[in-house]
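Novice: The following block contains the structure, expressed as structure tokens.
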């Protein structure tokens, strides 16, 4: 018996006249995973997500979300997917509360009022939920947009560059929220052009000019890279290029006296972002 | 129906927040009617003021309802909220129905305000029956105008693309619907073209009932045409509004 994945795409193409935005995309996402779609601007990330949520009709190929074809099973699928577009896609002259209530109201939810409060709490908007959206900062609008996508408890969430133009602190909070949702059983399909976010995903696909050029776990993708090893002894400086695996680093260091039974060596330094966040947190504590 | 009412409720909530838009939408026709009064005061006294004043009030309601609805719905598309509604399960006909219900409130206010000003300013007095007919016909015209705005918006991808449609709808309405010229004096092709315009049917009724001794008897089918016009536009707009690109 075959298990239906959360998202299954095979040979997907989308053509706009002479422009081919997607050129035979294949990918599969299992339930409960955080799947990252990486790629530069114009790679076709938004086009792919719009095809997955049923806003775009593919030129050819097949798309299945929770085993259903998005344009054919619109009504059924709508209740089970959430979508956060790249732009705010909010009513500026309504409050955050009214926006979330409106989009949630499109679904059959007997506990709508309570659920609206819940997602506004979850996105830390409760204090300003009654203010009109046009008074919000860009980051707050992203949070309202996320709340609108979450309100009906979807099984699969499609988030198109959710952290674009968001400051590092809020970005970190967003990713905590994403991992929290995945821990509760949701599947998240997240596009980004920020490579450090890829490490926070369970799996990633790299999209370039409408094609998936690599799909793997972030760690395995990283191991495909090269490491520059610079060793200084006295006045000498030697530079080696070794593989990206921890085993490669251990093997290279054995020439410098590393015990032979050390199988692998990994170096996990702080990123500049985490250093800055720690500084900000320390400042807040004072 | 639940989602239609949801969209209508949201449209009304937004209109309530847009006090300036709401105010201007009602005040602008009143100002234009006032300017018309100043203009008609310079005309020879035997010219029938009512023959121009009442249809112009109807035309203003028609123009504003059409324009507002077309632009606001296109804004939904450009802001991404239309796509978001569709992804959340709202269908095309529910969006169209919601907009119709939402804007009917504004159109009703405009109808009452413009007609009341015309009656007071031009010191026109009609029987209660005639007043009811005038209100109903201008209101039906407003419904058709909202539907025309929704229909036109389905062909525009941006606010700028709405603007070419404005003269296409409004200029023929001014010249071919009987607002300025008797349609019987128009060349055949122009008269036939005028049959495509909702203002033509509204004007047919208005010109008849405001005449001394005029009655709805001979012109009531125009009201049915106006209602039918709205229904056809609703069906068309429900098909031309694209849910899937």
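Novice: Quick check on my filter: what residues within the range B:16-29 are farther than 17 Å from residue A:90 by Cβ and either within 11 Å of another protein chain (Cβ to nearest Cβ) or surrounded by fewer than 18 Cβ atoms within 10 Å (Cβ to Cβ) (or both)?
Specialist: Result: B:16, B:19, B:20, B:21, B:22, B:23, B:24, B:26, B:27, B:28.
Novice: Given A:91, A:83, which one is within 20 Å of residue A:161 (Cα to Cα), within 11 Å of another protein chain (Cβ to nearest Cβ) and not in a loop (DSSP other than H, G, I, E, B)?
Specialist: A:83
Novice: Evaluate the following for residue A:166: is it in a loop (DSSP other than H, G, I, E, B), surrounded by 14 or more Cβ atoms within 10 Å (Cβ to Cβ) and assigned by TED's automatic domain parsing to the domain that holds residue A:141?
Specialist: yes
Novice: Confirm whether residue A:9 is crowded, with 23+ Cβ neighbours inside 10 Å and more than 13 Å from chain B (Cβ to nearest Cβ).
Specialist: yes
Novice: Just to be sure I understand, how many residues within the range A:68-80 are under 22 Å from residue A:181 (Cβ atoms) and within 8 Å of chain B (Cβ to nearest Cβ)?
Specialist: 2
Novice: So residue A:155 clears everything in (1) farther than 16 Å from residue B:85 by Cβ; (2) free of Cβ contacts under 8 Å to residues at least 60 places away in the same chain; (3) out of contact with any helix residue (DSSP H, G or I) (no Cβ under 9 Å at 6 or more places or on another chain) except one condition, right? Which one?
Specialist: The failed condition is (2).
Novice: Quick test for you: out of A:158, A:122, pick the one residue that is crowded, with 22+ Cβ neighbours inside 10 Å and either more than 11 Å from chain B (Cβ to nearest Cβ) or under 22 Å from residue A:176 (Cβ atoms) (or both).
Specialist: None of the other options fit; the residue is A:158.
Novice: For the range A:30-67, give me each residue that is assigned to a strand (DSSP E or B), away from chain B (no Cβ under 14 Å) and touching a helix residue (DSSP H, G or I) at 6+ places or on another chain (Cβ under 7 Å).
Specialist: Within the range A:30-67, A:34, A:36, A:37, A:38 qualify.
Novice: Of the numbered conditions (1) under 23 Å from residue A:75 (Cβ atoms); (2) within 14 Å of chain A (Cβ to nearest Cβ); (3) outside any loop (DSSP other than H, G, I, E, B), residue B:89 satisfies every one except a single condition; which is it?
Specialist: All conditions are met except number (3).
Novice: Being in contact with a strand residue (DSSP E or B) (Cβ under 9 Å, 6 or more places away or on another chain), within 30 Å of residue A:18 (Cβ to Cβ) and in contact (Cβ under 8 Å) with a residue 60 or more places away in the chain narrows it down to one of A:192, A:187, so name that one.
Specialist: A:192
Novice: Tell me which of these residue B:41 doesn't satisfy, since it passes every other one: (1) free of Cβ contacts under 8 Å to residues at least 60 places away in the same chain; (2) within 30 Å of residue B:155 (Cα to Cα); (3) more than 14 Å from chain A (Cβ to nearest Cβ).
Specialist: (2)
Novice: Let me ask another. Identify the residue in the range B:61-77 that is surrounded by fewer than 24 Cβ atoms within 10 Å (Cβ to Cβ), in contact with a helix residue (DSSP H, G or I) (Cβ under 7 Å, 6 or more places away or on another chain) and within 14 Å of chain A (Cβ to nearest Cβ) and, among all such residues, is farthest from residue B:173 (Cα to Cα).
Specialist: The extreme case among them is B:76.
The values are calculated or read from the model by the stated rules, or taken from the named source; none is laboratory data. Bear in mind the structure is a predicted one, so any value in this text is a computation, not a measurement. Counting neighbours? That spans all protein chains shown, and the Cβs are built from the backbone with ideal geometry, glycine included.
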